[in-house]
Structures are given as structure tokens and as C-alpha cells.
1. In whole Å, largest first, what are the principal axis extents of the Cα atoms in the range 35-128?
2. I want to check the label-to-label distance for residue 54 and residue 278. Put each point 7 Å from Cα in the C-beta direction and report it in nm to one decimal.
3. Looking at the chain, how many pairs of lysines come closer than 27 Å at the Cα, when each pair is eight or more places apart or spans two chains?
4. Which order do 108, 170, 203 take by accessible area at a 1.4 Å probe, largest first?
5. Two decimals is fine: what's Rg over Rh for the range 87-158, C-alpha atoms, Kirkwood radius as Rh?
6. Arrange the peptides 155-165, 54-64 so that the one whose residues have, on average, the most other Cβ atoms within 10 Å appears first.
7. Describe numerically, in nm with one decimal, the distance between label points set 7 Å from Cα along Cα→Cβ at residue 73 and at residue 24.
8. May I ask you to evaluate 6.51 cos²θ - 1.76 cosθ + 1.60, the Karplus curve with θ = phi - 60°, for each residue of the range 151-162 and list the ³J(HN,Hα) values in order in whole Hz, giving x for glycine and proline?
Amino acid sequence: MNRLDAFKSIAAQAARGELTFPANVDASLKLQEALSDPDCHIEAAAKLVQADPLLAARTVAIANSAAFNRSGNEITSVRNAVQRLGVRTLQSVVASLIVRQLGSTITDPALQAKANQLWEHTAHVAALSQVLARRVTKVDPDTALFAGIMHEVGGFYLLSRAAEFPGILDGEPQDWVEHGEQAIGHGVLTKLKVPEAVMGAIDALWEGLRAIPPESLGDTLLLANDLAPVSSPLNESPAAIAVRAARAARSIDCLIGDDATLSSIMEESDDEVQSLLKVLVH
């Protein structure tokens, strides 16, 4: 089977909902479903988080990051962390766990290296999206963080299946962009029950069209993607990197308000981005 046929095969399975996830993802999906329940309150969410030590530690760390701890008051309990973050941000924390778990079964060193780089790229986009949403586009920061975490989930799923299709990652990155990214990504996002608004924003990222100055959730993702210092290993052609760099250069000095440029805002927000990034990457 050639690589294009392999993309089509995985995409067809994804469209039918026939997705193969590692066993540990199932438990996280159930937790995500519980958190999505409108009747899930802070106390119930805290109990769910406490049942998973890794999730509990990650939740407290994010709650103490500069992006969420503007008062400077450090907290140490899961309950207080959940209270500070809220259930919606907690869904983003669980989403990051799910995305990382997709790569947990990868044993091939080359594929693992790609998965590590893809997560580093994802973490940069997620952290930048949260800050850009709050400071620039004025869309909901919690939704922007979630969208940033989920925007490469199709790529993680591809890497988790790549060993079954030798040679699928050979050739030009454009093949993934044209024949795999959107088709496979849609299937995985649908299976994970990602809200339509977030799927629409990720679609806008895939299409590569945004307004200047940026104003929507899709614009937020595109801008964060352009500004991210680490690129996706699935789309690393020199042409793609050049386009992204050119877009970032045009954006960085665009006027955001009466007297603020994007570059000045990002400089002021660097501590918040770096603190959130540190928690997400590790």
C-alpha cells in the first residue's frame, strides 16, 4: 500500500468512527465525558481529578502558572486548583493528557521523536492561544487553550498508527496536508466529541485564512501557530516553514489597538506563556 492509499485508509476508518486508541485513553475519555456533563460541579470534578495522580499534579501546576495565578497566591490542594481553573479549563488539562496518551504506545525511536516534537509544537500553540485570546482577539481563553491542545490530535493519531503502514511518513509533507490532516483530523475530533465551534476554528487553521487584525477563535489559532517557535514535524517542508515565518513577520507588528502592537503585547505576556508552556510540555 502506498502512502496516499494509507492516508485514505486511515481517514476512511476515522470517518466511520473505527479508531484504535491505547487502553489508557479510554479512562481519560470517560473522565472527559463526565466533565462535559452540565451537572458536573467543582466538588465532583475535584474527586474525579484526585483519582488520577498525574492529572492531579498537572492540575495543581497549571493552577499555579502565571496564566492562572495572577494574584501570586500558590495553592497546594486539588480542590482549590479545580476551583481556580474551573471545569472548562480542567477539560483542557484532560485533553492534553489524552493527546499525550495517543503517543504512549509508540516504540520506534524516529516516530517517538516526531511525537515529542509534535507535542512541543502543540504546547506552544496552546499556551500562545490562551494568552492571545485574552490579550488580542478577546475570544474565550479557556476555549482557545482547548483548541490549541486539540489542533494536532489527528497528527498524533497518525503517528500512533504509523508502524502499521511502513513508509507512510516518507515523501513530501504536503501529502499529509492535502490527503491526511483534515480527513483524519475530523474523524478523531468527532470521536472525541470536540464542540463544533472548536472544530470550526481548527478547520480555519487547516485552511490557512485569517483576518488582520485577528478577531475569531480560528484567527487566534492561526496566529499562535505562526508564532510558535517549534513547527509540526508533519509539515516541515522548507516552503511551509517559509510561509509561516512570513506570516508571523507580517503579524508581529500589526496594530492591535490604538497604540499596542502584537510584538509589545507578546513581550508583556511572555512570563504567562512560558509558565503555561512549562507545565504543558513536562
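1. Between the extreme Cα coordinates on each principal axis of the range 35-128 lie 42, 28, 22 Å.
2. 2.2 nm
3. Lysine pairs meeting both conditions in the chain amount to 15.
4. Details: 108 65, 170 95, 203 40 Å².
From most exposed to least exposed: 170, 108, 203.
5. Checking Rg against Rh, the ratio lands at 1.03.
6. Working: 155-165: 21.4, 54-64: 19.5.
Sorting 155-165, 54-64 by mean packing, highest first, produces 155-165, 54-64.
7. My value for the distance between the label points is 3.5 nm.
8. Values, residue by residue: 5, 10, 5, x, x, 5, 5, 4, 5, 5, 9, 4 Hz.
The values are calculated or read from the model by the stated rules, or taken from the named source; none is laboratory data. None of the values given here were measured: they were computed from a predicted structure. Cβ sites come from the backbone with ideal geometry, for glycine too, and all protein chains shown count toward neighbours. Side chains are part of the model used for accessible areas, which takes the heavy atoms of the whole protein and leaves out ligands, DNA and RNA. Shrake-Rupley method; radii C 1.70, N 1.55, O 1.52, S 1.80 Å.
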